[in-house]
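The values are calculated or read from the model by the stated rules, or taken from the named source; none is laboratory data. Note that the coordinates shown come from a computational prediction; the quantities given were computed from them, not determined experimentally. Cβ placement follows ideal geometry from the backbone for every residue including glycine, while neighbour counts extend to all protein chains displayed.
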Amino acid sequence: MKRSRPQLLVTALLFSAVAQASAQTSSEPSIGQQTQATPTTRTVFIKMDDISYGQKSIDVKPGETVRFVLKNEGALMHEFNIGKAVSQLEHQRKMALLFKEGTLTPTGKAKSVVWRERSGLGDSNPPGIPEVVEAIHDDPNAVLVEPGTTKEFVWTFHDTANLNFACTLPGHYQAGMVGEFVMR
Ligand SMILES: [Cu+2]
């Protein structure tokens, strides 16, 4: 889809500031952190489809590091967002803004957008695009997975109750694209 937009429209959406502020208030301990896998890291495979995850709950141990291998077999883009419901619904509002602007489409990122993600995996931007819309999806606790692609996301859990994995693309959470981590 080719879009015509004003030149050099720079939209810096600093999701991470919002996510961290909501995840690390004094009354709420840190939910964990993104990290690197080691040879002994447990791997959990998660199939993403339109519109669901392959499982509704995942058992994890407090302090455990898990490598999630996220395979999107659907036709729509999906997200794997680790967090509490309140911050995920907040994140969903930011996502809706990206859709409204057209920097994000139901099937992926708009071609005219220079995307930056923390993981840096699988997002090479074509050079020489005259218009630059910069959108930052720099959440330490989330990764976008485009249709037909697989991404890895490694996370160290803290001892945190009521932690979900969810897709915050508009309507997906409400359609049931959410599951829970069970601390055992
Ligand atoms: Cu989704």
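Is there a residue in the stretch 112-130 that is at pLDDT 90 or above and within 21 Å of Lys47 (Cα to Cα)? No, every residue in the stretch 112-130 fails to be at pLDDT 90 or above and within 21 Å of Lys47 (Cα to Cα). Looking at the structure I just gave you, is Leu89 within 16 Å of the ligand (Cβ to nearest atom), at pLDDT 90 or above, under 23 Å from Thr156 (Cα atoms) and not in a strand (DSSP E or B)? Yes: the conditions hold for Leu89. The set of residues in the stretch 45-77 being part of a strand (DSSP E or B), surrounded by 16 or more Cβ atoms within 10 Å (Cβ to Cβ) and away from the ligand (no atom under 16 Å from the Cβ) consists of Ile58, Val60, Thr65, Val66, Arg67. Selection over the stretch 174-184 of residues that are assigned to a loop (DSSP other than H, G, I, E, B) and away from the ligand (no atom under 16 Å from the Cβ) gives a count of 1.
Can Thr160 be described as under 19 Å from Ser87 (Cβ atoms), among the β-branched types (Val, Ile, Thr) and modelled with pLDDT of 95 or more? Judged against the criteria, Thr160 is not a match. Restricting attention to the stretch 151-173, and to residues there that are of a type in the set (S, T, N, Q) and more than 15 Å from the ligand (Cβ to nearest atom), which single residue is surrounded by the most Cβ atoms within 10 Å (Cβ to Cβ)? In this case the residue turns out to be Thr160. Every condition in (1) within 16 Å of the ligand (Cβ to nearest atom); (2) assigned to a helix (DSSP H, G or I); (3) farther than 14 Å from His172 by Cβ is met by Met95 except one, and the failing one is (3).
Of the residues making up the stretch 133-150, those that are within 13 Å of the ligand (Cβ to nearest atom) and assigned to a loop (DSSP other than H, G, I, E, B) number 2.
On the basis of being outside any loop (DSSP other than H, G, I, E, B), under 18 Å from Gln174 (Cα atoms) and at pLDDT 95 or above, does Phe80 make the cut? So Phe80 passes the test.
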